[in-house]
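Undergrad: The structure under discussion is supplied below as structure tokens; questions concerning it will follow.
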Amino acid sequence: IDSEDDLLQECISSAMPKKK
Amino acid sequence: PTPPYLRWAESLHSLLDDQDGINLFRTFLKQEDCSDLLDFWFACSGFRKLEPNDSNEEKRLKLAKAIFKKYILDSNGIVSRQIKPATKTFIRDSVMRQQIDPAMFDQAQMEIQSMMEENTYPVFLKSDIYLEYT
């Protein structure tokens, strides 16, 4: 089970543009 | 072709659409002690991308609570101070009633975005960090 911080970090990363 | 760092000066969106631009902007915001603004903005976008379905309902609720707790609940936090009271109340009520909608952070994200567009973003474009990079 993810901790809240991991969940947040994953969420933030999912919204970032991918490296071109 | 236009170098990326010139495109970053066109709009906040063109800056946030480039990984190097985001990294430099984050370094700047960290110096100013307000990198939470950027993290919150991306957290809202990430949250909206999570499609509601049976398998991730628990995750979405947990994530909505985590975003609320980290950025909105503490009224002294940089993000919380920039969000209108009515918007905070709406988010708090949504979390408490477990009414988790993909758009529940949209208004708060807009308020933070406006604040960055009017304040931190233009200051960033004049900052040593950006000028040295260019």
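Undergrad: Taking springs between alpha-carbon atoms closer than 10 angstrom, which of B:GLN113, B:GLN82, B:GLN98 fluctuates most in the Gaussian network model of chain B?
TA: Between B:GLN113, B:GLN82, B:GLN98, it is B:GLN98 that shows the largest mean-square fluctuation.
Undergrad: So if I restrict to the alpha-carbon atoms in chain B, what is the Rg, and what is Dmax, the biggest pairwise distance, in Å?
TA: Rg and Dmax of chain B, Cα atoms, are 16.1, 51 Å.
Undergrad: Ranking B:ASP101, B:ASP39, A:ASP5 by Cβ neighbours within 10 Å, fewest first, what do you get?
TA: The order, fewest Cβ neighbours first, is A:ASP5, B:ASP101, B:ASP39.
Undergrad: About the Cα centre of segment B:83-134, how large is the charge dipole given +1 on each Lys and Arg Cβ and -1 on each Asp and Glu Cβ? Please answer in debye to the nearest 20. Mind dumping the intermediate values first?
TA: Values: 5 positive and 8 negative charges, 61 e Å.
It comes to approximately 300 debye.
Undergrad: Another question, then. Using only atoms on other chains, find how many Cβ atoms lie within 10 Å of each Cβ of peptide B:40-46 and report the average.
TA: Numbers: counts 2, 2, 7, 7, 3, 5, 10.
Mean number of neighbouring Cβ atoms from other chains: 5.
Undergrad: While we're on this one: Please name whichever of B:ASN53, B:TRP41, B:THR134 sits farthest to the positive end of the charge dipole of chain B, dipole taken about the Cα centre and charges placed at Cβ: Lys and Arg +1, Asp and Glu -1.
TA: The Cα lying farthest towards the positive end belongs to B:ASN53.
Undergrad: Work out from phi, with θ = phi - 60° and the Karplus expression 6.51 cos²θ - 1.76 cosθ + 1.60, the ³J(HN,Hα) of each residue of segment B:34-47, listed in order in whole Hz, and give x for Gly and Pro.
TA: Once θ is set to phi - 60°, the couplings for segment B:34-47 become 9, 5, 4, 4, 6, 4, 4, 4, 6, 4, 5, 5, x, 4 Hz.
Undergrad: Got a sec? How would B:CYS34, B:CYS44 order by Cβ neighbour count within 10 Å, fewest to most?
TA: On the way: B:CYS34 18, B:CYS44 25.
The order, fewest Cβ neighbours first, is B:CYS34, B:CYS44.
Undergrad: Next up: Please state the charge dipole magnitude for the protein assembly as shown, taken about the Cα centre, from unit charges on C-beta atoms (+1 on K and R, -1 on D and E), reported in debye and rounded to the nearest 20. Spell out each step's value before the answer.
TA: Details: 20 positive and 26 negative charges, 39 e Å.
Here the protein assembly as shown has a charge dipole of around 180 debye.
Undergrad: Provide a whole-number value for the mean count of partner chain Cβ atoms within 10 Å of the Cβ atoms in peptide B:54-61. All intermediate terms of the calculation are to be shown ahead of the outcome.
TA: Numbers: counts 0, 0, 0, 0, 1, 4, 1, 0.
The per-residue average across the peptide is 1.
Undergrad: Across segment B:8-18, in residue order, what do the Karplus-derived ³J(HN,Hα) couplings come to in whole Hz, using 6.51 cos²θ - 1.76 cosθ + 1.60 with θ = phi - 60° and x for Gly and Pro?
TA: Working through the residues one at a time gives 4, 7, 6, 6, 4, 5, 5, 5, 7, 9, 10 Hz.
We did not get these values from a lab; they are worked out from the coordinates using the rules stated. These numbers were taken from a predicted model, which means no experiment stands behind them. Virtual Cβ from ideal backbone geometry, glycine too; neighbours counted across all protein chains shown.
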